[in-house]
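A short write-up of the structure that comes next.
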Amino acid sequence: MTCVGMEWYERIEKETLDGSSVPELADRLHGILRDTVRGIGAAELAFSGGVDSSFLLFLSGGSLSPVNVSAPNTHDRVASLASARALNYGLRHIEVSEEDVRRAREALRSIDPQIPREDMGFEIVLLLVVQRCEGDTVVCGQGSDELFYGYHKFRVREPDNRDSLRKLQDSVLPREVKMARMFGKELVTPYLNTEVVEIANSIPKWIHLYAGVEKAFLRYTAIRSGLPMEIALRGKKAAQYGSGVQKILRKVNP
């Protein structure tokens with residue numbers, strides 16, 4: 001989904017859920033996320049240029065500095081630069097090499113010897129950001145896809161997000177906290193703020209996937225808040241693929 005048009009946006013505005021309109025819920029989410037992000041202080045942001053990280057950067061009021069990890073000529077290299085420019089931010093880019101991927105893979109195996117093969121790629125991306133960030137705090141958009149129905153599987157086979165949230169809480173987040181601590185850093189996840197989680201969980205799946213648009217409610221909130229439409233409607237590409245890390249990983253895997 002590169003651009004889905006705006007008909008859905010005009011329609012979702014008219015929906016009401018348990019006495020609260022979608023615009024009212026969106027304004028509440030905007031306020032909580034803004035206050036959460038600005039309360040972090042100066043920090044670096046794992047930045048892909050998609051709606052999740054771009055919305056956090058937009059709300060930060062200048063306190064976050066975007067950092068992108070990717071190989072040359074990849075989706076995330078192009079998207080992160082375009083989004084940072086549109087939001088008037090400088091972008092720090094970390095180019096990833098085969099040796100970087102090898103070392104990151106071994107570090108992850110030392111943290112979690114049982115790490116599933118399918119998790120390795122996206123965790124390498126985050127590990128490289130955490131490892132190379134200059135400050136003590138790294139912000140990421142973890143939890144957004146699980147809470148706001150950003151995965152394709154939610155449209156085609158999974159009836160809800162409970163299994164994805166359970167995996168996030170039971171294995172992914174504990175692993176990522178250990179990863180950050182390995183490098184003496186703190187990992188901050190604004191989308192997992194308790195009030196954000198409550199809002200996301202109060203909204204039915206059909207609103208999150210309104211008119212077949214993944215993360216429709218979050219995209220609507222971002223556009224209503226002022227995030228440029230071309231960023232808010234940018235299609236998702238998983239971090240391991242958008243960054244080119246998965247392609248490198250296939251080369252270096254024994």
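Readers should treat all values here as calculations from the given coordinates under stated rules, not as data from a laboratory. Not measured: the values here are computed from a predicted model. Every residue, glycine among them, receives a Cβ derived from its backbone with ideal geometry; neighbour counts consider all protein chains shown.
Structure data summary
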| item | result |
| --- | --- |
| Fraction of antiparallel bridges per DSSP, the chain only, in percent to nearest 5 | 15 |
| Kirkwood-Stokes translational diffusion coefficient of region 52-101, alpha-carbon pairs, 20 °C, 1.002 mPa s, µm²/s | 187 |
| Over region 1-149, equivalent-ellipsoid semi-axes from the Cα gyration tensor in Å | 31, 18, 17 |
| Of (i) 18.4, 61; (ii) 21.8, 72; (iii) 17.5, 56, the label for Rg and Dmax of the Cα atoms in Å derived from the coordinates | (iii) |
| Summed residue charge, Cβ within 14 Å of SER202's Cβ, Lys/Arg positive, Asp/Glu negative | -4 |
| Inter-label distance for LYS167 and ILE94, nm, one decimal - labels placed 7 Å from Cα along Cα-to-Cβ | 2.4 |
| Pairwise Lys count, the chain - Cα closer than 26 Å, eight or more residues apart or different chains | 27 |
| Cut-off 10 Å between beta-carbons: net charge of the residues surrounding SER164, Lys and Arg +1, Asp and Glu -1 | -1 |
| Whole-angstrom gap from region 124-178 to region 189-253, using each part's C-alpha centre | 11 |
| On Cα atoms only, tilt of 75-86 relative to the major axis of the chain in degrees | 60 |
| Intensity falloff of region 198-249 expressed as log10 I(q)/I(0), Debye formula with alpha-carbon point scatterers, at q = 0.13, 0.19, 0.30 Å⁻¹ | -0.43, -0.75, -1.07 |
| Share of pairwise Cα separations in region 167-254, more than 14 Å, in percent | 78 |
| Burial ranking of peptide ranges 73-79, 144-150 (average Cβ count within 10 Å, highest at the top) | 144-150, 73-79 |
| Cβ-defined net charge surrounding GLU123, 12 Å radius [Lys, Arg +1; Asp, Glu -1] | +1 |
| Relative contact order computed over the chain (Cα-Cα under 8 Å; 6+ residues apart), in percent | 30 |
| Sparsely packed trypsin sites (Lys or Arg not before Pro) within region 99-193, loop by DSSP, other Cβ within 10 Å at most 14 | ARG157 |
| Extension reserve of the GLU158-TYR241 stretch, reckoned as 0.36 nm per residue once the Cα distance is removed | 27.7 nm |
